[in-house]
C-alpha cells in the first residue's frame, strides 16, 4: 500500500527535526562559531573563552630590543662603506654588489626602526648610561655613527681610515675583506639572538633575523668568489 505523499513528507520532516535537536541541541554545539579553550593549571578545569578571543603575541625580550638596536648601528656602517665606492673604484661588479647591499640594508634599517617604534622602544642603544644619539660621526644618510660601540664584525676606525685612503684594486680588496668580516659579524648577532632563551619569538623579528642570516651568507659567498678572482 502506497504511503500518502503528505504523510511521508511529514514523517521525513519529523525525523529531520529530531536529528537536528539531537546534534545541534547538544552542549558541544550550543555556542555559535569556533570554541576557544584555555587549558587549566594542573588539577584545574579548562576554561571556554569567547569565540573572538585572539592569542596574545609572545612578549619581546631585552635581547630582542638590543638585537634590533645593534643591527641598525651595524647596518649603518655597511651603508657608509658602500658610500666610499664613489671615486675609489671602477669595478662594475663590485659597484652593483655595493648598490644591492646599500639598498637592502637601508630598507632593513627602516624596518627595524618601525619595529622598535611600534613597541615603544628607541632606535638607538644606550651604553653604560651613554645615549648613542650624542656620539659624533654620521654616515652619508644622516644616521649617527658611534664607532666606539663596536658590534661583532664591525670595522675599526683604523680599518675605515685605510678603506677611505685606498683606491683602485687596493680599495676593492679592502672593501671585500672588510664587508666579509662585517657580514660575519651579523651572522654572529643572529646566532646570539637565537641562543638567548626567550628571545627571537616575535614572528616579525624571527622572519627578519632568519632573512638576514640567509641573505648575508649568500653575499659572503659572492664576495669570497670575487676576492678569489683578484
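Bear in mind these aren't lab numbers, they're just calculated from the coordinates by the rules spelled out. Every value quoted in this text rests on a predicted model; they were computed, and no experiment measured them. Neighbour counts are summed over all protein chains in view; Cβ atoms, including those assigned to glycine, are modelled from backbone coordinates with ideal geometry.
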Along Cα→Cβ, 7 Å out, is where each label goes; now give me the distance between the ones at residue 44 and residue 114 in nm to one decimal. 3.9 nm
Inter-part distance where the range 77-111 and the range 185-230 are each reduced to a Cα centre, Å: 18 Å
Order the peptides 197-204, 94-101 from the highest to the lowest mean number of other Cβ atoms within 10 Å of their residues. 94-101, 197-204
As an exercise, use a Förster radius of 35 Å and the Cβ-Cβ distance of residue 194 and residue 169 to find the FRET efficiency, rounded to the nearest 0.05. 0.35
Would you report the distance distribution of C-alpha pairs in the range 172-228 as whole percents per 5 angstrom bin, up to the bin with the largest distance? 4, 20, 25, 19, 13, 9, 7, 3, 0
As an exercise, use a Förster radius of 25 Å and the Cβ-Cβ distance of residue 92 and residue 177 to find the FRET efficiency, rounded to the nearest 0.05. 0.80
